[in-house]
Every structure is written in structure tokens, then in C-alpha cells.
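The values are calculated or read from the model by the stated rules, or taken from the named source; none is laboratory data. Here the structure is a predicted model, which is why all the values come from computation and not from measurement. Cβ placement follows ideal geometry from the backbone for every residue including glycine, while neighbour counts extend to all protein chains displayed.
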């Protein structure tokens, strides 16, 4: 009996350590510090791929530069559940679709941003942050 009682503090300490470890990694995962929320980029280009996946969707867009070269940008959005809630479906942005997209750019200058809005060539606005057509 004494042996069981002496092991309890270690069991509790171990359980507490696991809780702390996993809660910190979850919070770190959802950090958006890599994006500059004081700036916004607006770019026009062609959808290369729409990765409609968890935990975050990615819209990959080819942007033509002034010199005719192409820079591929990645725009991070939320997962499919939030996208669907905002009325954005996987089929809404097929490869080849011409769009204008806005987002918060990466702080380090890499060609990526946090997706804010998309305007399709036909004028349809896709804003996954607002309740959609459901």
C-alpha cells in the first residue's frame, strides 16, 4: 500500500506534464505571427491548386510579374469545415480559374499570405470568414 501511495505524485506529475506539453503545441500551431496584419496584398492570378484539407486549406496561385515571369504564391485559409461554413467549396476554385485575392503577407517576404478574400473572374466574392450560401 505504501508503495502505491508513493507512486501517485509521479503519476500526477506525469499526467500534468502531458497536458502542458500538448496544450502548448496546440497554441503554437495556431499562431499567425508569421503574417503581417498591418499590411494587405492584392494580387491577380491563376489558380494552380486548391488544397481543401485539414487543418488549413491552401490556395496556390500563379501570379504573373511585370517582367513576364511567374511567381507561385500560397494563401493559407482555414480547414474545409470553416470554408464550407463560409460558402467556399473545393470545386469553387478549379485550376485555371482567374482570381483576384487579398491577404496578409508573410513578414519575411516569402510569396505567401493569409487568405482574406477572393474575387472570381465573374465577380463572385468568396470570403470564408462570413456565413455563406448555406
Would you pick out the residues in region 78-98 that are surrounded by 20 or more Cβ atoms within 10 Å (Cβ to Cβ) and modelled with pLDDT of 95 or more? 93
If you take the residues of region 76-100 that are under 13 Å from the mean Cα position of the chain (by Cα) and in a loop (DSSP other than H, G, I, E, B), which of them is nearest to residue 115 (Cα to Cα)? 77
The condition from (1) in contact with a strand residue (DSSP E or B) (Cβ under 7 Å, 6 or more places away or on another chain); (2) at pLDDT below 95; (3) assigned to a loop (DSSP other than H, G, I, E, B) that residue 115 misses is numbered (3)
Residue hits (region 58-75; free of Cβ contacts under 8 Å to residues at least 40 places away in the same chain and either assigned to a helix (DSSP H, G or I) or in contact with a strand residue (DSSP E or B) (Cβ under 8 Å, 6 or more places away or on another chain) (or both)) are 58, 60, 62, 64, 65, 70, 72, 74
